[in-house]
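**Student:** Mind looking over this structure? Questions follow.
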Amino acid sequence: MKARGASRIVTDADYSAERALIEATQRDRGRFADLYEANFERVYAYVVRRVRDRDEAQDLTAEVFHLALKSLPRFEWRGVPFAAWLFRIASNEIADRSKSIGKRRAHERIYQETDAGVEDASSIDEAERRARLFKLVERLPRDQARVITMRFAEDRSIREIATALGRSEGSVKQLQFRGLQNLRARLGDTNG
């Protein structure tokens with residue numbers, strides 16, 4: 001987690017506090033505003049980098065939080081940041097929107113006889129690949145999933161992760177290596 005305007009190391013206490021907030025929100029949906037505030041900037045940044053359209057990014061971000069609130073009773077804590085779950089929802093929504101845009105453009109292409117939508121197929125494939133990847137990260141052993149999420153979703157350094165997890169840098173590198181090996185193997189299984 002990053003504090004507004006400053007970066008900081010995520011500690012086990014942060015994860016415990018986040019877990020407590022999630023559990024409180026599951027009991028009292030009125031607490032969702034706290035989760036929203038803590039995660040809005042990251043989710044919006046994630047979405048806007050992928051769709052590159054401000055209005056579309058705002059719509060998608062709103063939909064992500066709407067779906068998160070709706071699905072919160074089924075959310076299970078797995079030791080990874082709540083933001084990772086939100087990123088997965090965002091990735092799925094981006095993929096869904098890309099598919100509908102791709103279909104609409106395919107129809108337009110038929111009538112206009114252009115190939116302007118050729119790039120859409122690759123962006124749809126990329127969004128679908130990212131959604132599969134988020135699901136696979138969730139299935140990794142807890143420590144591997146935390147390291148992969150912190151390293152790649154939160155863009156943390158090995159040193160920052162080691163400090164946050166109370167482990168050596170070598171241990172974090174090993175967890176990252178094993179996590180990436182597991183993901184490669186699992187991606188190979190899902191691709192054929």
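The values are calculated or read from the model by the stated rules, or taken from the named source; none is laboratory data. Keep in mind it's a predicted model, so treat the numbers as computed, not measured. Positions of Cβ are generated from backbone atoms using ideal geometry, with glycine treated the same way; all protein chains shown enter the neighbour counts.
**Student:** Checking the condition under 17 Å from the mean Cα position of the chain (by Cα) and modelled with pLDDT of 90 or more, which residue from Ala38, Ala84, Ala57, Ala68 passes?
**Tutor:** Working: Ala38 fails: modelled with pLDDT of 90 or more; Ala84 fails: modelled with pLDDT of 90 or more; Ala57 fails: modelled with pLDDT of 90 or more.
Checking each option against the conditions leaves just Ala68.
**Student:** To continue, here is another question. Can you tell me which residues in the range 30-60 are more than 24 Å from Pro73 (Cα to Cα), of a type in the set (Asp, Glu) and part of a helix (DSSP H, G or I)?
**Tutor:** Asp55, Glu56
**Student:** Restricting to the range 149-161, name every residue that is modelled with pLDDT under 85, among the hydrophobic types (A, V, I, L, M, F, W, C) and buried (at least 21 other Cβ atoms within 10 Å of the Cβ).
**Tutor:** Met150
**Student:** Right, something else. Just the residues that are buried (at least 18 other Cβ atoms within 10 Å of the Cβ) and either aromatic (Phe, Trp, Tyr) or over 19 Å from Glu154 (Cα atoms) (or both), please, taken from the range 33-50.
**Tutor:** Once the filter is applied, which keeps residues that are buried (at least 18 other Cβ atoms within 10 Å of the Cβ) and either aromatic (Phe, Trp, Tyr) or over 19 Å from Glu154 (Cα atoms) (or both), the range 33-50 yields Tyr44, Tyr46.
**Student:** Would you mind telling me which numbered condition in (1) modelled with pLDDT under 80; (2) assigned to a helix (DSSP H, G or I) Ala116 fails?
**Tutor:** Checking Ala116 against (1) modelled with pLDDT under 80; (2) assigned to a helix (DSSP H, G or I), the one that fails is (2).
**Student:** Out of all the residues in the range 140-161, which are in contact with a Gly (Cβ under 8 Å, 6 or more places away or on another chain) and of a type in the set (Lys, Arg)?
**Tutor:** Arg142, Arg146
**Student:** Considering Leu175, Leu183, Leu140, which residue is part of a helix (DSSP H, G or I) and either at pLDDT below 85 or under 30 Å from Leu60 (Cα atoms) (or both)?
**Tutor:** Values: Leu175 fails: either at pLDDT below 85 or under 30 Å from Leu60 (Cα atoms) (or both); Leu140 fails: part of a helix (DSSP H, G or I).
So the residue among Leu175, Leu183, Leu140 that is part of a helix (DSSP H, G or I) and either at pLDDT below 85 or under 30 Å from Leu60 (Cα atoms) (or both) is Leu183.
**Student:** Taking the criterion of being at pLDDT below 80 and more than 19 Å from the chain's Cα centre (by Cα), would at least one residue in the range 12-30 satisfy it?
**Tutor:** So the first thing to find is which residues in the range 12-30 are at pLDDT below 80, and the list is 12-15.
Then drop every residue that is not more than 19 Å from the chain's Cα centre (by Cα), which leaves 12-13.
Yes, there is a match, as at least one residue in the range 12-30 is at pLDDT below 80 and more than 19 Å from the chain's Cα centre (by Cα).
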